Amino acid sequence: MALDRTRTLRGALAGAAAAAVWAAQQPLDQRVFGCDYDDAELLGRFVTNGRAAYPIGLAMHVANGAVFGALYANVARDIPVPRALRGPLAGLAEHLATWPGTPALPRMHPAGDELPQLWGSGRAFAQATWRHLLFGTVLGELERRLNPPDSEPQPIDPASAASNGHGHAEYVVSLN
């Protein structure tokens with residue numbers, strides 16, 4: 001599949017912005033859901049501990065959003081649902097695909113013993129569902145605005161395809 005560089009870049013920008021919105025609202029959803037889970041901290045603590053963990057994790061989170069957005073921009077047109085649902089469905093699909101890996105976090109993550117319990121927590125699952133829905137909605141809307149529908153393939157009108165601007169081929173053939 002050939003990638004359109006402009007579409008890909010615009011998707012990456014949309015994904016990075018959506019990941020930033022996700023990170024910005026995390027303190028609010030932590031209070032609403034009663035779960036201290038923070039994606040940027042989780043990612044950053046894979047690399048380091050201390051004060052640098054959050055900024056490094058935030059950069060990793062935004063970069064992940066950019067990669068997801070770049071991929072999304074190139075496949076979104078082929079998702080057979082209304083445009084407004086494509087982003088939210090993509091975000092939720094990613095959530096449901098990755099959530100089953102959460103039981104491994106305490107064993108695999110360097111700070112595993114210090115992380116909130118995610119697997120088996122309805123609050124953590126609801127919080128992660130909200131975050132992925134928000135991410136997908138923002139991604140889908142920004143990508144839709146940055147890559148307008150006129151850049152999507154349109155069906156070819158048979159009359160236009162049959163004409164070279166001088167009439168229909170059937171007419172030319174019938175002149176003999």
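A few points about this structure:
- When the test is whether a residue is touching a helix residue (DSSP H, G or I) at 6+ places or on another chain (Cβ under 8 Å), surrounded by fewer than 19 Cβ atoms within 10 Å (Cβ to Cβ) and either of a type outside the set (Phe, Trp, Tyr) or at pLDDT 95 or above (or both), residue 75 does not pass it.
- Filter pass, residue 53 being surrounded by 14 or more Cβ atoms within 10 Å (Cβ to Cβ), small (Gly, Ala, Ser) and in contact (Cβ under 8 Å) with a residue 24 or more places away in the chain: no
- Considering residues of the range 126-145 that are of a type in the set (A, V, I, L, M, F, W, C) and modelled with pLDDT of 95 or more only, the residue surrounded by the most Cβ atoms within 10 Å (Cβ to Cβ): 139
- Candidates in the range 1-33 are the residues that are charged (D, E, K, R) and under 22 Å from residue 145 (Cα atoms); of these, the one that is surrounded by the fewest Cβ atoms within 10 Å (Cβ to Cβ) is 5.
- Test result for residue 117, closer than 30 Å to residue 147 by Cβ and of a type outside the set (Asp, Glu): no
- When 53, 63 are checked against the criterion of being under 15 Å from residue 135 (Cα atoms), assigned to a helix (DSSP H, G or I) and among the hydrophobic types (A, V, I, L, M, F, W, C), a single residue qualifies: 63.
The values are calculated or read from the model by the stated rules, or taken from the named source; none is laboratory data. Keep in mind that this is a model prediction, so the values were computed, not measured. Reconstructed Cβ throughout: ideal geometry from the backbone, glycine too, with neighbour counts over all protein chains shown.
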